[in-house]
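Inspection log for the structure reproduced underneath, given as structure tokens.
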Amino acid sequence: MSTVRVTHIVAETDTVKSFRLVRTDGAPLGPHPAGAHIDVTGPTGITRQYSLCGPPYETDSFLVAVKRETSSRGGSAALHDGVHVGSELRISEPRDRFGLVPEAREHVLLGAGIGITPLLGMAHQLHREAGNFRLHYFATARERAPFTDLLERSAFSERVRFHFEVPRTGQQAVLDSILSALSALSALSALDSGTHVYTCGPKEFMQRVTATATRSLPEDRVHVEHFQAPDPSEAPGAAFELELGTGEVFTVPADRSIVDVLADHGFDVDTSCREGICGTCVVPVLAGEPDHRDNCLTRKEKAANDQIAICVSRTRGRRLVIEL
Ligand code: FES
């Protein structure tokens, strides 16, 4: 973790503020991978994850945008109300679980609302590299869409398409028209890495994008950035044996996580969100089949079954062997 100072705060919309951060010791902060996020610990001590939305190649500061959540338990509300220019915050190193695929021939970025933030960083990077990309931005209204002015004035504005005031019932038709063009392209590019789709926004929006895009693209070309924990009701637990690479064995009860059990036995495991979002607690799997319950590993990473987010995930079998 490092300490940063807030140098600028901008009310991007009624509910979204952006915060520009510099290190208090004057050291550079960047560059960072496009689409990366950081943990930010606010004045209440609560840590939340926010995408870096400034140009990834800039080294003097980080830019994050925070939407005030109506259900905030002290995370976003504390940043909105308790942080001012000059305030100091603690942040983590950038983590990259939603990166651009360097060999892709075309990138299609689809964001909704505050989900624009990681895509904004990606668009900056792709423009700098003269990449082939299009950014589609959905929002209920222009005044509720952060960074609209910035996008309109940007050097890549001709690559941005705004989809404002599209009713939820009409969203599918718009996605069909955007993503149907991929069918022909993906057929042409079946032998290379072709087109990749990246999406961030409300869960229903990302599900719709994923369902539509995977009609014409393989699943591993559709990339989803989650900032919501998986639904716990989907994940009833069962007790199992946890073995460490060192040979130590512990029982993980049905109602406790691997992280909880390790903490009980004196292991200081690195965690942040504890909700399966951030990826901090991911460790290698040496044996056994993980029951992935996180939203941080990609589908491909989950299918490989060689790593696990131990704050939420479990095992499908009776024993799981991990390396700490
Ligand atoms: S601590 Fe964030 S995914 Fe486990």
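The values are calculated or read from the model by the stated rules, or taken from the named source; none is laboratory data. Quick caveat: nothing in here was measured; it's all calculated off a predicted structure. Note that we place each Cβ from the backbone using ideal geometry, even for glycine, and neighbour counts take in every protein chain shown. Just so you know, the surface numbers come from the protein's heavy atoms only, side chains and all, with ligands and any DNA or RNA stripped out. Shrake-Rupley method; radii C 1.70, N 1.55, O 1.52, S 1.80 Å.
Tell me yes or no: at least one residue of segment 257-268 is within 16 Å of the ligand (Cβ to nearest atom), open to solvent by 10 Å² or more (accessible area, probe 1.4 Å) and part of a helix (DSSP H, G or I). Talk me through it step by step, then tell me what you get.
To start, the set of residues in segment 257-268 that are within 16 Å of the ligand (Cβ to nearest atom) comprises 257-263, 267-268.
If we keep only those that are open to solvent by 10 Å² or more (accessible area, probe 1.4 Å) as well, we get 257, 260, 263, 267-268.
Then keep just the ones that are part of a helix (DSSP H, G or I); that gives 260, 263.
Looking for residues that are within 16 Å of the ligand (Cβ to nearest atom), open to solvent by 10 Å² or more (accessible area, probe 1.4 Å) and part of a helix (DSSP H, G or I), one finds at least one in segment 257-268, hence yes.
Filter segment 1-35 down to residues that are open to solvent by 50 Å² or more (accessible area, probe 1.4 Å) and within 30 Å of PHE133 (Cβ to Cβ), then give me how many there are.
Keep residues of segment 1-35 that are open to solvent by 50 Å² or more (accessible area, probe 1.4 Å), which gives 1, 5, 8-12, 14-15, 17, 20, 23-26, 28, 31, 33.
Next, only the ones that are within 30 Å of PHE133 (Cβ to Cβ) stay: 8-12, 14-15, 17, 20, 28, 31, 33.
Matching residues across segment 1-35 total 12.
ILE38 is checked against (1) out of contact with any Cys (no Cβ under 8 Å at 6 or more places or on another chain); (2) surrounded by 16 or more Cβ atoms within 10 Å (Cβ to Cβ); (3) part of a loop (DSSP other than H, G, I, E, B); (4) at pLDDT below 95 and fails just one. What number does that condition carry?
Against the list (1) out of contact with any Cys (no Cβ under 8 Å at 6 or more places or on another chain); (2) surrounded by 16 or more Cβ atoms within 10 Å (Cβ to Cβ); (3) part of a loop (DSSP other than H, G, I, E, B); (4) at pLDDT below 95, ILE38 comes up short only on (3).
For SER154, are the conditions met, namely being over 25 Å from GLN228 (Cβ atoms), at pLDDT 95 or above, surrounded by 13 or more Cβ atoms within 10 Å (Cβ to Cβ) and in the same structural domain as LEU217 (by TED's automatic domain parsing)?
Yes; evaluated as a whole, the condition is true for this residue.
Just checking, which of ASP306, ASP294 is charged (D, E, K, R), modelled with pLDDT under 95 and closer than 26 Å to GLY35 by Cβ? Walk me through it before giving the result.
Numbers: ASP306 fails: modelled with pLDDT under 95.
Of ASP306, ASP294, the one residue that is charged (D, E, K, R), modelled with pLDDT under 95 and closer than 26 Å to GLY35 by Cβ is ASP294.
Here is a list of conditions, (1) under 30 Å from THR212 (Cβ atoms); (2) part of a loop (DSSP other than H, G, I, E, B), and GLY45 meets all of them except one; can you say which number that is?
If we test GLY45 against (1) under 30 Å from THR212 (Cβ atoms); (2) part of a loop (DSSP other than H, G, I, E, B), just (1) comes out false.
Within the bounds of segment 62-77, is there any residue that is more than 30 Å from ILE308 (Cβ to Cβ), outside the structural domain of ARG20 (by TED's automatic domain parsing) and open to solvent by 40 Å² or more (accessible area, probe 1.4 Å)?
No, the conditions are met nowhere in segment 62-77.
Considering segment 105-115 alone, what residues qualify as being assigned to a helix (DSSP H, G or I) and either more than 13 Å from the chain's Cα centre (by Cα) or farther than 16 Å from GLN49 by Cβ (or both)?
Going residue by residue through segment 105-115, those that are assigned to a helix (DSSP H, G or I) are 113-115.
If the condition is that a residue be assigned to a helix (DSSP H, G or I) and either more than 13 Å from the chain's Cα centre (by Cα) or farther than 16 Å from GLN49 by Cβ (or both), then GLY113 is the only one that fits.
Looking only at segment 296-318, count how many residues are under 23 Å from TYR50 (Cβ atoms) and either away from the ligand (no atom under 16 Å from the Cβ) or surrounded by fewer than 23 Cβ atoms within 10 Å (Cβ to Cβ) (or both).
3
Quick check on my filter: what residues within segment 274-295 are outside any loop (DSSP other than H, G, I, E, B), more than 8 Å from the ligand (Cβ to nearest atom) and either of a type in the set (Val, Ile, Thr) or touching a residue at least 60 places away in the same chain (Cβ under 8 Å) (or both)?
Pass one, segment 274-295, residues outside any loop (DSSP other than H, G, I, E, B): 282-287, 290-291.
Checking which are more than 8 Å from the ligand (Cβ to nearest atom) leaves us with 283-287, 290-291.
Hits for segment 274-295 are VAL283, VAL285.
Can you find a residue in segment 285-292 that is under 26 Å from MET1 (Cβ atoms) and outside the structural domain of THR210 (by TED's automatic domain parsing)?
First pass over segment 285-292, keeping only residues under 26 Å from MET1 (Cβ atoms): none.
No, there is no match, as no residue in segment 285-292 is under 26 Å from MET1 (Cβ atoms) and outside the structural domain of THR210 (by TED's automatic domain parsing).
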